[in-house]
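Peer 1: Please see the structure below; I have some questions.
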Amino acid sequence: MTELIVAYDDGARTLTYEATGAPAFVTLARNRWHITPIDADSARATYEGRFETRGALGGLARWWILAQVNRTGRHLLDDLKHYVERGTPSPRKQRPLGRRTTV
């Protein structure tokens, strides 16, 4: 799957994107990010997602996919915080990067 930016509002500091190329039983996979300034040196990042499916296969797959998203999504904001504060991917993100090989 790939992701397509469907909305961006610089003034509201929001970004919304949707998955494209998903299996036919996925009718919507969308994430919306919002950045809220706290002071001159810090901000809060939040995100919300919507995931909708159809059909029997969609119902079964939905629970498995949401479990995977929950597992990987738990660290998403921590990884972003690390990157913003240090300018490098978090150690958790660097591990998979180190395993990649070029062909």
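Peer 1: I'd like to verify a number: residues in the range 49-63 that are surrounded by 15 or more Cβ atoms within 10 Å (Cβ to Cβ) and closer than 25 Å to Leu80 by Cα, how many?
Peer 2: The number of residues fulfilling the criteria is 1.
Peer 1: Can you name the condition, by its number, that Asn70 falls short on among (1) surrounded by 10 or more Cβ atoms within 10 Å (Cβ to Cβ); (2) out of contact with any strand residue (DSSP E or B) (no Cβ under 6 Å at 6 or more places or on another chain)?
Peer 2: With respect to (1) surrounded by 10 or more Cβ atoms within 10 Å (Cβ to Cβ); (2) out of contact with any strand residue (DSSP E or B) (no Cβ under 6 Å at 6 or more places or on another chain), Asn70 is out only on (1).
Peer 1: Next up: Condition first: touching a residue at least 12 places away in the same chain (Cβ under 8 Å) and over 12 Å from the mean Cα position of the chain (by Cα). Now tell me which residues in the range 8-19 satisfy that.
Peer 2: Answer for the range 8-19, where residues must be touching a residue at least 12 places away in the same chain (Cβ under 8 Å) and over 12 Å from the mean Cα position of the chain (by Cα): Ala12, Arg13, Thr14.
Peer 1: Show the residue pairs that are 6+ apart or on different chains and have beta-carbon atoms under 6 Å apart, the first residue being within the range 58-82 and farther than 26 Å from Ala45 by Cβ, the second being of a type in the set (A, V, I, L, M, F, W, C).
Peer 2: Going by the 6 Å Cβ cut-off, the qualifying pairs are Gly58/Phe25.
Peer 1: Just the residues that are outside any strand (DSSP E or B) and of a type outside the set (D, E, K, R), please, taken from the range 9-23.
Peer 2: If the condition is that a residue be outside any strand (DSSP E or B) and of a type outside the set (D, E, K, R), then Gly11, Ala12, Gly21, Ala22, Pro23 are the ones that fit.
Peer 1: So which residues in the range 1-31 are surrounded by 12 or more Cβ atoms within 10 Å (Cβ to Cβ) and either within 18 Å of Ala43 (Cβ to Cβ) or of a type in the set (S, T, N, Q) (or both)?
Peer 2: Tyr8, Arg13, Thr14, Leu15, Thr16, Thr27, Asn31
Peer 1: Let me ask you something else. Given the structure, is Thr46 exposed (fewer than 13 other Cβ atoms within 10 Å of the Cβ), under 20 Å from Asp10 (Cβ atoms), among the hydroxyl-bearing types (Ser, Thr, Tyr) and under 15 Å from the mean Cα position of the chain (by Cα)?
Peer 2: yes
Peer 1: How many residues, within the range 24-50, are assigned to a loop (DSSP other than H, G, I, E, B) and in contact with a strand residue (DSSP E or B) (Cβ under 9 Å, 6 or more places away or on another chain)?
Peer 2: Number satisfying all stated conditions: 1.
Peer 1: Condition first: modelled with pLDDT under 90 and more than 23 Å from Asn70 (Cβ to Cβ). Now tell me which residues in the range 6-41 satisfy that.
Peer 2: Across the range 6-41, the qualifying residues are Ala24, Asp41.
The values are calculated or read from the model by the stated rules, or taken from the named source; none is laboratory data. Because the structure is predicted, anything quoted here is derived from the model rather than measured. Neighbour counts are summed over all protein chains in view; Cβ atoms, including those assigned to glycine, are modelled from backbone coordinates with ideal geometry.
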